[in-house]
1. Which of the numbered conditions does ASN31 fail, given that it passes all the others? Conditions: (1) more than 17 Å from VAL94 (Cβ to Cβ); (2) in contact (Cβ under 8 Å) with a residue 24 or more places away in the chain; (3) out of contact with any strand residue (DSSP E or B) (no Cβ under 8 Å at 6 or more places or on another chain).
2. Hand me the list of helices (runs of 4 or more DSSP H) wholly inside region 1-106 holding 1 or more residues that are at pLDDT 90 or above.
3. All but one of (1) touching an Asp or Glu at 6+ places or on another chain (Cβ under 6 Å); (2) surrounded by 13 or more Cβ atoms within 10 Å (Cβ to Cβ); (3) aliphatic (A, V, I, L, M) hold for ILE82, so report the exception by its number.
4. Can you tell me which residue in region 46-55 is nearest to LYS91 (Cα to Cα), limited to those that are in contact (Cβ under 8 Å) with a residue 12 or more places away in the chain and in contact with a Lys or Arg (Cβ under 9 Å, 6 or more places away or on another chain)?
5. Looking only at residues that are over 12 Å from the mean Cα position of the chain (by Cα) and among the aliphatic types (A, V, I, L, M) in region 20-69, which one is farthest from ASP102 (Cα to Cα)?
6. Quick check on region 46-77: of everything there that is out of contact with any strand residue (DSSP E or B) (no Cβ under 9 Å at 6 or more places or on another chain) and within 19 Å of LEU22 (Cβ to Cβ), which residue is surrounded by the fewest Cβ atoms within 10 Å (Cβ to Cβ)?
Amino acid sequence: MTEQAWNETDWFDQSNAHRRVLEFLTLDIQNSQEWVNQLLDKIEALETGKICEWTRSGNAYYLILSPQTVTIENLLVDAEPIETISLTQFKEAVLRWQEQLDNSISDLRTI
């Protein structure tokens, strides 16, 4: 079974929470494999019960991860509501982000 390419626009358009996740990845995680790996490590720790909560303050967003949900707060725009998404959906986005970073690195190596 082949995996379809991630369509960021479709994901972005699902809800304000989905949009916020992509904004967080773009502005706070950027192209950092180290930060993607840190997120995935914390998600695994939540899934296995090693930790019960984890927070991260970035350039533009404040993130709270719990075993079921991820809450994202805009640190720059007070009027934006806090958004919540399931940990499963957040993990999906982080894995897709990682895949895009891996592909970008591979593309650079072939130049």
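The values are calculated or read from the model by the stated rules, or taken from the named source; none is laboratory data. Since the structure is predicted, the reported quantities are computational estimates derived from the model, not experimental observations. Every residue, glycine among them, receives a Cβ derived from its backbone with ideal geometry; neighbour counts consider all protein chains shown.
1. The failed condition is (1).
2. Numbers: elements: 8-12, 16-24, 33-47.
In region 1-106, 16-24, 33-47 are the helices (runs of 4 or more DSSP H) which contain 1 or more residues that are at pLDDT 90 or above.
3. Only one criterion in (1) touching an Asp or Glu at 6+ places or on another chain (Cβ under 6 Å); (2) surrounded by 13 or more Cβ atoms within 10 Å (Cβ to Cβ); (3) aliphatic (A, V, I, L, M) is unmet by ILE82, namely (2).
4. Residue satisfying both the conditions and the ranking: GLU47.
5. Per the criteria, the residue is ILE51.
6. Within region 46-77, the first condition is being out of contact with any strand residue (DSSP E or B) (no Cβ under 9 Å at 6 or more places or on another chain), and the residues that meet it are 47-50, 52, 58-59, 67, 77.
Subsequent filtering for residues that are within 19 Å of LEU22 (Cβ to Cβ) retains 58-59, 77.
Details: GLY58: 15, ASN59: 11, VAL77: 8.
Here the residue is VAL77.
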